[in-house]
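Engineer: My structure is below; once you've seen it, I'll send some questions.
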């Protein structure tokens, strides 16, 4: 079992039990609390790596606990995902404004939740990335924020740079648009999934020059999303 620990804060036993089973299958350790008082005590005593926090709780709302965590220097950086039946845009904005790192509405797919947890944990631990990434004549320099194709500097926007950086760091795997939004834009930024398609088109266009066509490295995976792969691609 992983050393990553998730605190589930929800007053409904059935939901806590369902989440615990899904998380343990995904090899997370689990802690549970049914109100904000016991949740805060668990956070102070056991230091979980991430919190799944319901909004409506007995003895005070999850939003109240979130505010308390963000005011405390010892807990302000603790990742929190709001997991709630409150679905209006105003609720989402309020949760994010208070400091939630992500906001998932019930009902939800456990696999998507686990993917979001893993993505958030990767960002919060600040994984070290290679400063230079290269595929054939395509080179991305993370330190200087420049991309070279066949020795020529190519012009891309900051979002396209981050998108290519993520792709080159994670080749041969298909990602959904939602996963790309989490990884490149961040879970606390609200943009539509079709925004990914717009930036993919821009990036592909940037990877086409008079002498090279590397746009084919970014492949559309029907029914899923996109994949970065050099397998079988003539460069």
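Nothing in this text is a laboratory measurement; each read-out follows from the coordinates by a stated rule. On a predicted model such as this, the values are computed, not experimentally measured, just so you know. Neighbour counts run over all protein chains shown; Cβ positions are idealised from the backbone, glycine included.
Engineer: If you compute Kirkwood radius over Cα pairs in Å for the structure shown, which of [x] 18.8; [y] 19.5; [z] 18.3 do you land on?
Structural biologist: So the structure-derived entry is [y].
Engineer: Could you tell me how many degrees, from 0 to 90 and to the nearest 10, lie between the Cα long axis of helix 89-98 and the main elongation axis, the longest principal axis, of the Cα atoms of the chain?
Structural biologist: So the helix axis and the longest Cα principal axis differ by about 80 degrees.
Engineer: Once the Cα atoms of segment 18-144 are picked out, what are the Rg and Dmax in Å?
Structural biologist: Computed over the Cα atoms of segment 18-144, radius of gyration and Dmax are 17.1, 60 Å.
Engineer: Is it possible to state the helix-based mean residue ellipticity at 222 nm for the chain, with each DSSP H run of 4+ residues giving -39500 (n - 2.57), the sum divided by total residues, to the nearest 500 deg cm²/dmol? What is it? Write out the running numbers ahead of the final one.
Structural biologist: On the way: 8 runs with 88 residues, N = 235.
Counting only the DSSP helices, I get -11500 deg cm²/dmol.
Engineer: Let me ask something else about it. Arranged by the count of other C-beta atoms within 10 angstrom, fewest first, what order do 70, 145 take?
Structural biologist: 145, 70
Engineer: While we're on this one: When only Cα pairs under 8 Å and 6 or more residues apart are kept, what is the percent relative contact order across segment 132-228? Numbers along the way, then the final one.
Structural biologist: Values: 119 pairs, mean separation 26.1, N = 97.
RCO, segment 132-228: 27 percent.
Engineer: Which whole-number percent gives the relative contact order of the chain, counting Cα pairs below 8 Å spaced six or more residues apart?
Structural biologist: 12 percent.
Engineer: On a 0 to 90° scale, report how tilted helix 194-206 is relative to the longest principal axis of the chain, with both axes built from alpha carbons and the result rounded to the nearest 10.
Structural biologist: 30 degrees
Engineer: Among DSSP bridges having both ends in the chain, what percentage is antiparallel? Round to the nearest 5. Each step should come with its number before you reach the end.
Structural biologist: Details: 19 of 35 bridges.
Taking every DSSP beta bridge within the chain, about 55 percent pair in antiparallel fashion.
Engineer: Calculate the length of the line joining the C-alpha centroid of segment 8-74 to that of segment 153-202, in whole Å.
Structural biologist: 31 Å
Engineer: How tilted is helix 36-46 with respect to the longest principal axis of the chain? Cα atoms for both, answer in degrees (0 to 90, nearest 10).
Structural biologist: In the chain, helix 36-46 runs at an angle near 60 degrees to the longest axis.
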